[in-house]
Amino acid sequence: MRQVDHFIVGERPAPTRKANVWNPSTGEVQAEVALGDRDLLERVVATAKEVQPAWAATNPQKRARVMFRFKELIEANMQELAELLSSEHGKVVDDAKGDVQRGLEVIEFACGIPQVLKGEYTQGAGPGIDVYSMRQPLGIGAGITPFNFPAMIPMWMFGMAIAAGNAFILKPSERDPSVPVRLAELFVEAGAPEGLLQVVHGDKEMVDAMIEHPDIPAISFVGSSDIAHYIYRRGAEFHKRVQAFGGAKNHGIVMPDADLDQVVNDLSGAAFGSAGERCMALPVVVPVGDETADKLREKLIPAINALRVGVSTDPDAHYGPVVTPQHKERIEQWITTAEREGGEIVVDGRGFSLQGHENGFFVGPTLIDHVTPNMSSYKEEIFGPVLQIVRAKDFEEAVRLPSEHQYGNGVAIFTRNGHAAREFASRVNVGMVGVNVPIPVPVSYHTFGGWKRSGFGDIDQYGTEGLQFWTKKKKITQRWPDGGGDGSNAFIIPTMG
């Protein structure tokens, strides 16, 4: 049995607890991952505290050179990383490459850290007074990342944090832990000091230890909304800055003038790609008007039936298995719940079995029509290859549905009407909006973040906001005495007047 260990400095303690790592395509346990505890975290934090000051004192251009070298190593090892990722997650290899690539784009942004770290300066803000600012690292950052993007989201976090001068402790999902460990190995190969980026595995015990540790001032989290809220609330209790991103129920609004052939193509990938295990998947389509809904449904059925479900290494598969047997069971239960609530199961993916891989965690593509906002299957995140149709009578209802939903991660509108698109983008109460773009994940030099129960905290991931999160801004007001002044106003608060 393959063993996945922590990536830390020094001897690794014998684990007292382990978790299974599945092969989703075969349904077999392929590895065991060690689960750490508070004592392990103490050792890791102590190492990070030793390494971080020298790294922070390294000039930004030299830090950027490490990021450049890391970028080159990721590109050189892309195929290996993608195959390792798909073997534990279940997403097909090409999709796994996209996972790595989107994380790599944030590393590319971090290569420009000397430019974005520059502060502000005002000469002559007052009589002989200059004011300037500088951004300084926090010390040690921590990241807690989900199973669905084991390469992209860790790189979103540690790329920005480390480039800014911090040490970083990563706790990836124990469901697919090998790629984060491999990324840390490559980071050391790129020239980073040992101990600057460490990977610890664990469950709630490790998460709580991170939240409560006094030497970890900042935590970034991506996962379910309940846990995001817990980490945000508990982190605040321990005086940490926290960004915590949760679940989603992204809507795709289809206006009557939309190109339905293009919409169907986009929906196929956005709803069913990666078996729907994306926080930016598009699991709800909202056609405006029954005529639009009927036409869209007619085109969707053959497109969905044509989707190929296969093992993660099948180059012709559109998507692979889901990550664990428990998750497969949960998805199928949600389909049953939707049916009981009155939804029409148009295409049923329950009980799907792949010949030769009958024990794999496969769920067939599912289409459910006549879903209404009062159904629990609409209110909650299914996180599987399930597309629900919620019919809107007009544009106003189409704006209201995603705006009133508890989640506010992403939304898309499909239309040829510029006025409708502009009005929708302005009014909808959702953090990321796509116009004829089904998965509107912003590029690395912008920022990523949802609203409502999709995001807790007021600073987004990566880009300039990521830099703000992983640094603290110091403001300096200086005056060089010239021998003048009689001190008569020393007891009056200074003003610029």
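List of remarks:
- With both residues required to sit in the chain, DSSP beta bridges show an antiparallel share near 45%.
- Largest to smallest in accessible area, the residues K249, K328, K295, K393 fall in the order K393, K295, K328, K249 (1.4 Å probe, all protein chains included).
- Local electrostatic count, R234, Cβ distance below 10 Å [Lys/Arg +1, Asp/Glu -1]: -1
- Pairs beyond 23 Å (Cα-Cα), from K62/K472; K97/K472; K295/K452; K171/K452; K328/K379; K171/K240: K97/K472; K295/K452; K171/K452
- The label-point distance for S353 and D290, in a model that sets each label 7 Å from Cα toward Cβ, rounds to 4.0 nm.
- Sum of side-chain charges, S133 neighbourhood, beta-carbon under 15 Å (Lys, Arg +1; Asp, Glu -1): +4
- Radius 14 Å from Cβ of I476, net charge of other residues (Lys, Arg +1; Asp, Glu -1): +4
- In Å², nearest 10: area of T477 left accessible to a 1.4 Å probe: 100
- Alpha-carbon centroid distance for the pair the range 113-163 / the range 323-348, whole angstrom: 43
- Computed over the chain, relative contact order equals 18 percent, with contacts defined as Cα pairs under 8 Å that lie 6+ residues apart.
- Prolate/oblate/rounded label for the range 43-188 (Cα gyration tensor, a/c 1.5): prolate
- Loop-located GluC sites (Glu not before Pro) in the range 373-424, at most 16 other Cβ atoms within 10 Å (DSSP): E380
- Fraction of accessible area attributable to carbon and sulfur, the chain (%, probe 1.4 Å): 50
- Span from the the range 7-22 Cα centroid across to the the range 71-103 one, whole angstrom: 23
- Span from the the range 434-486 Cα centroid across to the the range 206-254 one, whole angstrom: 18
- Take the range 41-127 with all the other protein chains still there, run a 1.4 Å probe, and you get 46 Å² of accessible area per residue.
- Considering helices alone, the calculated mean residue ellipticity of the chain at 222 nm is -12000 deg cm²/dmol, with DSSP H runs of length four and up weighted by -39500 (n - 2.57) and normalised per residue.
- With a Förster radius of 25 Å applied to the beta-carbon distance between E212 and A57, the computed FRET efficiency rounds to 0.30.
- Volume per residue of the C-alpha convex hull in the range 405-467, rounded to whole Å³: 86
- Within the range 86-106, backbone nitrogen closer than 19 Å to the virtual label 7 Å beyond the Cα of E72 toward Cβ: 104-106
- Computed with a 1.4 Å probe over protein heavy atoms only, the accessible area of H370 comes to about 80 Å².
The values are calculated or read from the model by the stated rules, or taken from the named source; none is laboratory data. Owing to the predicted nature of the structure, the values given are computational and were not obtained by experimental measurement. Virtual Cβ from ideal backbone geometry, glycine too; neighbours counted across all protein chains shown. Ligands, DNA and RNA are excluded from the accessible area calculation, which covers all protein heavy atoms including side chains. Shrake-Rupley method; radii C 1.70, N 1.55, O 1.52, S 1.80 Å.
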